[in-house]
Structures are given as structure tokens and as C-alpha cells.
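Okay, so here's the structure we're looking at.
Every number here is computed from the coordinates shown, using simple stated rules; none is lab data. Bear in mind that the values here come from a model prediction, so they are computed numbers and not experimental data. Here the Cβ positions follow ideal geometry from the backbone for every residue, glycine too, while neighbour counts run over all protein chains shown.
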Amino acid sequence: MRAVVDTGFVIALINRSDKYHQQVASAYKQPSEIILPQTTLAEIAYLLQSRAEQLAVVRFIEFLPSSKLKVLPLTDEDLQLAGAYLATICGQPH
């Protein structure tokens with residue numbers, strides 16, 4: 001099984017006092033591939049730094065290589081699709 005997770009999943013996994021921590025920790029323990037889009041890394045770092053401290057960001061980055069989270073990099077095609085989508089939302093032809 002494969003799952004794509006977002007910032008909220010990671011924050012709940014790290015923060016034991018988060019109301020979703022138990023659910024997320026249980027899901028994390030399942031034998032599955034967990035994909036973390038590259039685009040979430042900046043948001044995760046920002047939230048960790050603003051809610052905890054800069055050291056929490058360091059710990060998160062150090063945790064990634066040994067974790068089940070597989071960072072999925074953006075491709076040029078992803079960026080082109082995102083640009084086209086945003087242009088459509090803004091009412092601009094693409």
C-alpha cells in the first residue's frame with residue numbers, strides 16, 4: 001500500500017500532544033510506503049520553527065533519511081502543470 005501525506009500528517013507524527021498523534025502514529029507503523037511531496041518540506045520547517053524551535057527543524061531533517069517518509073521531488077512537468085492550473089484559476093488562458 002502507498003500513501004501520500006501532507007504537512008498535517010508530519011506535524012501530528014512529531015508532536016505527541018497533537019490531537020491526531022495517535023492516529024497518525026498508528027498509520028505510520030503500517031507496512032506501507034509513505035510519500036511526502038517535496039513541496040511540504042518548507043511548510044513543515046516553518047511550522048516546526050514557529051511552534052517549537054529551530055532545533056526541531058534540524059531534528060526533522062536528520063530524521064528523514066531513517067524514516068519511512070520518502071520525499072518525492074518536483075519535476076519540470078509538475079511545475080508546468082501547476083502553472084497551467086494556477087493560470088486557469090486566475091482566469092488566464094494557457
- Query: Can you tell me how many residues in region 53-94 are more than 12 Å from the chain's Cα centre (by Cα), part of a helix (DSSP H, G or I) and not β-branched (Val, Ile, Thr)?
  - Reply: 20
- Under the condition of being aromatic (Phe, Trp, Tyr) and free of Cβ contacts under 8 Å to residues at least 24 places away in the same chain, which residue from region 17-55 is farthest from Val71 (Cα to Cα)? Tyr20
- Within region 10-43, residues surrounded by 18 or more Cβ atoms within 10 Å (Cβ to Cβ), farther than 12 Å from Phe60 by Cβ, in contact with a Leu (Cβ under 8 Å, 6 or more places away or on another chain) and not β-branched (Val, Ile, Thr) come out as Tyr28
- Query: Taking region 72-94 as the search range and keeping residues that are exposed (fewer than 14 other Cβ atoms within 10 Å of the Cβ) and of a type in the set (A, V, I, L, M), which one is nearest to Ala27 (Cα to Cα)?
  - Reply: Leu74
- Note on the structure: Here the qualifying pairs (Cβ atoms under 7 Å; residues six or more apart or on different chains; first in region 66-94 and within 28 Å of Leu13 (Cβ to Cβ); second acidic (Asp, Glu)) come out as Lys70/Glu33
